[in-house]
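Laboratory data are not the source of any read-out in this text; all were calculated from the coordinates shown. If you're wondering where the values come from, they're calculated on a predicted model, not measured in any experiment. All Cβ positions, even for glycine, are placed from backbone atoms using ideal geometry, and neighbour counts span all protein chains on display.
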Amino acid sequence: MIEGVITSAKQYLSNLNEERLRYAYEYARDAHEGQLRKDGSPYIGHPVAAAQILTSLKVDEDTLIACLLHDVPEDTDRTILDIEKEFGSAVCFLVEGITKLSKVHYRDKMAARQIESLKKLFIHSAKDPRIILIKLADRLHNMSTLDAIPKPEKRERIARETIEIYVPIANLLGVWQLKHPLEDACFKILHPESYQYILSKVRETKSHREDLIKQSKEAIESVLATHKVNLIKIEGRTKNLYSIFMKMQRSGKNFNQIYDLLGLRVIVEDIGSCYRALGAIHQSFTPKIGRLKDYIAIQKSNGYQSIHTTIFGVEGSITEIQIRTLDMHLENEYGIAAHYFYREDQTKKQDQVKLRVQKKYEWVQKILDLQRDIQQNDRFMKHLKLDIFEDRIFVFTPKGDVIDLPLGATAIDFTYHIHSELGLVALDCHINGVQKSLNSALKNGDVVRVNTSESAPGPQVRWLELAKTNLARTKIKEFLKEKDKNELMIAAETLLQRKLEFFTDRVHKSLEEDEKIYLLNRFQLSSWENLLMNIGKGNLDVHEVMARLFEHQQEDTDIQENHSTLSFCIEIEDRIGMLGQACNIITQIGVNILKVESLENKSSNVLLKFRVQVENYEQFESLLRNLSKMAGVIQVMRENAVSTVIR
C-alpha cells in the first residue's frame, strides 16, 4: 500500500530514505492492526491516502512520516514518546500537533468544539505550518469517504465544519490543491441537488469546452510568439463546482451566463513579460471592460499574485486569462507548500520564496493576537470570521500606500489601521475626494484621508458597533473606559434604543421592566445602570444583549415556529439583476422572504422594502451585514427611517 507514496515522493525527493518511510508505514499498520474504517476497509488506508495527497504538494520526508503516524497516539496503545524514540523529535512534534487537536474534551455545543479545536490548531501550527498541511490532507480524505457515515445529520455537520473552518484555512494558506476538492466534497453534502445539476451541466459542455481551450491555447501561443514574449507554458483552467455555484448565487446568473468557466493560465519568465503578454493579448483580442485586475502590483492578503483579464476569444467565447510568472504560479497553487518545490541548489530563489511565504503566514500571528484579546469563544469566532476569514478589500492612503482590510470595513477601521492614536483626533474623512463621516463603509480601491482636529470628540460608544476589526474595537474600548460615567450610560442607552427600534419596530418605546430584569439575570448584573456601563465601556456587546432579548421574546410567545417577522429597506443602485442578487443573499442565509416591494424615492437609486422571517437575532445581523456588502448597496435601514429618502 505504501509503494505508491514512495514512488510519488521519489519524483521530487532525490535523497528520500525509502526504508525509513516504509518502516513508518509498517509501524502504523501494526499499531492499527484490527481497526477498520466505517466502510469496512483497514484503518491504515486512511493515513496512507492522506500521505499520497501530500505528495502532490511535494512536502518533505518528515511530513510524510508524521502523516502516516498521525492517528497512532490517539487510537492505539503506542504513545507519543514511542514515536519520538523511533522517528525523532521533529516527527514527534508534528504528530503531537495533530494529536493535540483531537484531545479536546468536547461538550454539548458544536460551536464550542469547533472553536476550541481551531484555537489549538492555530496556536500549535504557528510554530510549524506543516501541521496544518497534514490536517488538511487528513480532512480531505475523510471528506472523500463521507458516504460511509450512515447518519445524514452527521455527514452534514462534518461538511459544515469543513466549509466554515478548514476551507478558509486552505484559502488563507493559498493551498488551492486542497481547497477546491474540499469545497466540492462539502458542496455535494450540503447542496446535493445543486451539486448534481452543475455536475451534469459541466459534463454536458466538457467536450466543447476542451476543444475551445485547445484552440485558445494555440491562438494565444501564436500571439505571444509574434510579440516575442518569453512564454513558459499555457494551462487550461476550469472552475471547480462549488466556485460555479457560489458565483451563480452571488450574481443571480444561470450556468450559461457565468463568464469564466473557460480560462487559461499564461505562465511567463518574469514580471516584465507578464505586462508584455497582457498588452499583446489585448491588441489581438477585445478585452471585456471592467474585468482587468492587477494582483501583481497589489497582491491579495494571502500573497496571491497574477494579472486577470477577460477577453472575447475564440468563437467569441468569453475567456478569463491569468498571467503570472512560474514562481507566482507555484505559490498561487501550493501556498505555504511552495518552497518545497525549489531544489537545494536554488538557494537565492528559495530564500525569496520563503520571505513571501512568511507574508502568507502573517495571519497566524493576527489570530494569536485576537485570542489574547478575546477570551469568550463566541466572540472569538465572530471576530475571527470578520478579521481573518472574510474577503478582503484594498484601500489607499493619499500617498498611495495599500491598506488591507476585511470586506465591510469602515473609515473607523482605516483610521486605527493607520495609527492607534489617530482615532482620538479623527473628525471625519475624505473618500475619493468627497467628504464623508467616519462610519462610511469602504470599497475596494477607495482613496481615504482622515481629517483631524484637536477639538474632535474622540471615539464614541456607537463606534463599537460600526468598527469591523478587532484592532479598532480594542482601541475604542480603551478610550471609553476613561470617559465620564453619565456620558457613557446615555450613549449606551441611545445605542440600545436604536437597535431596539430597528429589530422590533418599537419606535420611541423603551424596554419593559420584565425585559430589563431578564437581561440583568442573564448577564448576572446588579442594576440597569451597571448593564449600560458595561455596554458603554465595550465589555458587553450590544448585539449580545439584543440576541438574549430575542430569546426572551421567543420564550414568552405561544407560537410554535421559532421565527420573528420584521421589515427593513435597502437603497441600492438601479442595475439589472440587483433584486435577484439581493434575494439570493437573503435566502442563502436561510431567511424566508414574505414580501418585496419597490418604493419611490428622491434619487435615481432603487428603494426596496423586504418583509422577512428570521430565526434569531444573529441571523438578522448576518442578513444586514451581508446585504451591506453587496455591490451597489447605498444603505440598509429600518422601515420607519425610510421617510428620509421617500419623495
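Structure data summary
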| item | result |
| --- | --- |
| Sites LYS288 and LEU326, calculated FRET efficiency, Cβ-Cβ separation with R0 22 Å, nearest 0.05 | 0.25 |
| Within the range 390-455: Cβ-based charge dipole about Cα centre, in debye rounded to nearest 20 (Lys, Arg +1; Asp, Glu -1) | 200 debye |
| Extended-chain gain in nm, criterion 0.36 nm per residue less alpha-carbon gap, ARG462 and LYS10 | 156.8 nm |
| Cβ-Cβ FRET estimate between SER89 and SER41, R0 fixed at 30 Å, reported to 0.05 | 0.40 |
| Spin-label pair GLU193/ASN530, simplified geometry with 7 Å Cα→Cβ offset, distance in nm | 5.1 nm |
| Whole-number D in µm² s⁻¹ for the range 485-556, Kirkwood Cα-pair radius fed into Stokes-Einstein, 10 °C, 1.306 mPa s | 130 µm²/s |
| Distance between modelled label sites at CYS583 and SER207, nm, 7 Å Cα→Cβ extension | 3.6 nm |
| Shape category assigned to the range 173-220 from the gyration tensor of Cα positions, a/c cut at 1.5 | oblate |
| Environment charge at ILE585 (Cβ cut-off 9 Å; Lys +1, Arg +1, Asp -1, Glu -1) | +2 |
| Extension reserve of the ILE517-SER200 stretch, reckoned as 0.36 nm per residue once the Cα distance is removed | 108.4 nm |
| Cleavage-rule hits (trypsin sites (Lys or Arg not before Pro)) in the range 123-212: DSSP loop, at most 15 neighbouring Cβ within 10 angstrom | LYS127 |
| Rg/Rg_ref, the range 390-455, where Rg_ref = 2.2 N^0.38 Å and atoms are Cα | 1.00 |
| Pairwise FRET efficiency - GLU478 versus SER144, Cβ, R0 = 45 Å, nearest 0.05 | 0.40 |
